[in-house]
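Values in this text are rule-based calculations from the coordinates and carry no lab data. It should be emphasised that the depicted structure is a prediction, and the values quoted were computed from it without experimental measurement. In this analysis, Cβ positions are derived from the backbone assuming ideal geometry, glycine residues included, and neighbour counts consider all displayed protein chains.
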Amino acid sequence: MTTYILNIETATTNCSVSVSKNGETIALIEDNDKGYSHAERLHVYIDDVLKQAKLTQQDLSAIAVSKGPGSYTGLRIGVSAAKGLCFALNIPLISVPTLTALAHQVKANEGVIVAMLDARRMEVYSAIFDANFNQVRETQAQILDDNAFAEDLKQGKVHFIGNGVDKTKTLIPHENAVFIEGKLPSANEMSCLAYKKYEANAVEDVAYFEPYYLKDFVALKSKK
């Protein structure tokens, strides 16, 4: 039986949508314009990626969404769209941890992978994975300093990926640090992860599912 899953990634500035067939990406549309344009573009991209895959919404077996951590607003938009489609089509909702999908962009033969997303000031949301993508340290909101990841760096190569890399590389000039720049979470890597969860029937309760924000939302005061 063929399984088509629509994957939605909106945790950062990258508005990314893919369609997978049995875990393989067959269509992908994404745009990182440095601004959060998800509200305007997400539903257009969903329509476009289905056309690219020559499918309709009725062909879909499930909807997968990036669950966080990440942008509060971005996550809300992605999850709201995913829930709406699941209700309308009466199909399952699958959640994919954002940092897990990000880590899958790294091909490492040794050492560990640190997937990290920029938070405020010198803070990042980070998780650590081994070279086989097994998570070896839980997701944390972490304040960076020059001792960050010191034990991991002593033991071998540490591959840093995500939009937290820019401020990390200024603090850690270590020979074992490998900085993979310009990468954001993408719906492309969600394809295989979502399919595995679908096969295991690891689905969410559509009515009650909430994104994983990691920290409470703090509204900024208007400058007006």
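Taking 7 Å along the Cα-to-C-beta vector as the label spot, tell me the Lys54-Ala131 distance in nanometres, rounded to one decimal.
For the pair Lys54/Ala131, the computed spacing is 4.0 nm.
Once the other residues with Cβ under 13 Å from the Cβ of His174 are scored (Lys, Arg +1; Asp, Glu -1), what is the net sum?
It works out to a net charge of -1.
Segment 70-137: which trypsin sites (Lys or Arg not before Pro) are DSSP loop and have at most 10 other beta-carbon atoms within 10 angstrom?
Answer by residue number: Lys107, Arg120, Arg121.
Within the chain, what is the longest stretch that has no chymotrypsin sites (Phe, Trp or Tyr not before Pro) placed in a DSSP loop and near at most 11 other beta-carbon atoms within 10 Å?
By the stated rule (loop sites, at most 11 other Cβ atoms within 10 Å), 1-207.
Largest first and to the nearest Å, give the Cα extent of the chain along each principal axis.
On the principal axes, the chain reaches 51, 51, 29 Å in Cα extent.
Compute the convex hull volume of the Cα atoms of segment 106-180, divide it by the residue count, and report the result per residue in Å³ as a whole number.
76 Å³
So how far apart, in nm, are the two label points at Ala141 and Asn109 if each is 7 Å from Cα heading toward Cβ?
4.0 nm
If R₀ is 35 angstrom, what is the calculated FRET efficiency for the pair Thr73 and Thr170, using the beta carbon separation as r and rounding to 0.05?
0.80
Please give the helix 38-52 orientation as an angle from the longest Cα principal axis of the chain, in degrees from 0 to 90, rounded to the nearest 10.
Here the helix axis deviates by roughly 60 degrees.
Kindly flag which residue pairs out of Lys21/Lys83; Lys83/Lys167; Lys107/Lys215 have an alpha-carbon separation exceeding 24 Å in this structure.
Over 24 Å Cα-Cα: Lys83/Lys167; Lys107/Lys215.
For Gln155 and Lys196, what is the calculated FRET efficiency with R₀ set at 41 Å and r taken between the beta-carbons, to the nearest 0.05?
0.90
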